Amino acid sequence: MADVWVNGEDCILEAQNEIVRIREELQILRGSIRELNQYLSAANQRFDSIMQNLPVASYTCDLHGNVITWNNAAVELFGYAVHEAMSRPIWSVHCFNDESLDQVFEASQRNILQRIANGEVLIQIEQEVPHPSGEILTILGNIFPVRTNSEEIVGGMFAWIDITRKTELEKQVETQMKLLKETNSALMSQKQELAAANTLLAQLVTQDSLTGLNNRRYFMDQVEHALAYYHRSGTPFSVVILDIEDFLCYNRDYGTKAGDEVLQNLAKLLRESVRPYDVVARYDGEEFSILAQGSNEVGALAMATRVLKIVHSHPWSPAPISVQCGIASAEPNLYSALELMENMETALRIGTTRGSGSITAYSTKLAILN
């Protein structure tokens, strides 16, 4: 019995020692837990401090969308206090008060959370959220998965900046660019219209409306150019005037409409009878003129003879017409286009005394040639 009692005492003593050892280990463990809690508390404080002082609106959500943290910049940007956002789904914080918009926004946020749960990092995400003031904000942000020490993803961290003004400016720039393009298009159209109007004006100033030929003003300008070129290069040219004989009587007998048709048909015949580079004009009333480029007096006489043959053989209606010609050519001692044209008119007047259908050339020696 004594041996049994001794053994029992030994067991009790051993158990007491084990209890003491366990108590010591528990005390050490409690100390470690306190240190760990202090560390975690400090870490949480540091995290909260970092979150609160981030210059961008930031918050964290669990994978169900419930807000866990909400920093000062988020309060300032989104207009909701911390207590208004905490523990609520983010789609109920950003509420459009429009069922269809709210549904779209919730679906987009659930999609983001699903992508976060899959470990995806979302960069430069742009979205619109409502502000309590009624303004719709355009925000741009990055979203990162939040992981535990064991790498389990438990939520997401959202960081946003406000690009509403930037977007508005971009829209304004886009609108201004569109307006600028429209204005430029209108200006180009106006420029084309102005060019067309100037062309028309030039035609009105230099073109005869009835026959479509150049008028006397244009003809005189061309004679001045040709005369200047003649004195520089020696290239000859001549001017020819054609007059419909007794045209006033023709108008009286057959009417002005028939007379106008004669003028139009004669203009067409003259254009078709001369070279492409010769200038044909309606000189005055029933008088027409031709600037024969490169033709001296002899060449001009040959051209006038050919033209009058074409005119007189044409089947005129209601009655035939007769035409007379006067010719003047450039000469070395002649420097005035007006004087040259007066010589041409003088030749025509001389021709009227010589009978119907005459061709008369003027020179400084008053040589009259048929």
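Here are some notes:
- Residues that are out of contact with any Ser or Thr (no Cβ under 7 Å at 6 or more places or on another chain) and crowded, with 19+ Cβ neighbours inside 10 Å, drawn from segment 209-219: Thr211, Leu213
- Within segment 293-319, the set of residues being without any contact (Cβ under 8 Å) to a residue 24 or more places away in the chain and closer than 17 Å to Arg275 by Cβ comprises Val298, Ala302, Lys309.
- No other residue among Ala300, Ala281, Ala292 is out of contact with any helix residue (DSSP H, G or I) (no Cβ under 8 Å at 6 or more places or on another chain) and surrounded by 22 or more Cβ atoms within 10 Å (Cβ to Cβ) apart from Ala300.
- Any hit, segment 93-101, residues being at pLDDT below 95, of a type in the set (D, E, K, R) and farther than 20 Å from Leu54 by Cα: yes
- 2 or more residues modelled with pLDDT under 95: qualifying strands (runs of 3 or more DSSP E) within segment 279-340: none
- Residue that is surrounded by the fewest Cβ atoms within 10 Å (Cβ to Cβ) [pool: residues in segment 247-278 that are small (Gly, Ala, Ser) and on the phi < 0 side of the Ramachandran plot]: Ala258
- Residue that is farthest from Arg275 (Cα to Cα), among those in segment 209-243 that are assigned to a loop (DSSP other than H, G, I, E, B) and touching a Leu at 6+ places or on another chain (Cβ under 9 Å): Leu210
- Segment 90-105: number of residues that are in contact (Cβ under 8 Å) with a residue 24 or more places away in the chain and either loosely packed, with under 11 Cβ neighbours inside 10 Å or assigned to a helix (DSSP H, G or I) (or both): 5
- Qualifying residue in segment 147-161 (condition: in the same structural domain as Leu77 (by TED's automatic domain parsing), among the β-branched types (Val, Ile, Thr) and either loosely packed, with under 12 Cβ neighbours inside 10 Å or in a loop (DSSP other than H, G, I, E, B) (or both)): yes
The values are calculated or read from the model by the stated rules, or taken from the named source; none is laboratory data. From a predicted model like this one, the values you see are computed outputs, not experimental measurements. Cβ coordinates were reconstructed from backbone atoms using ideal geometry, including for glycine residues, and neighbour counts include every protein chain displayed.
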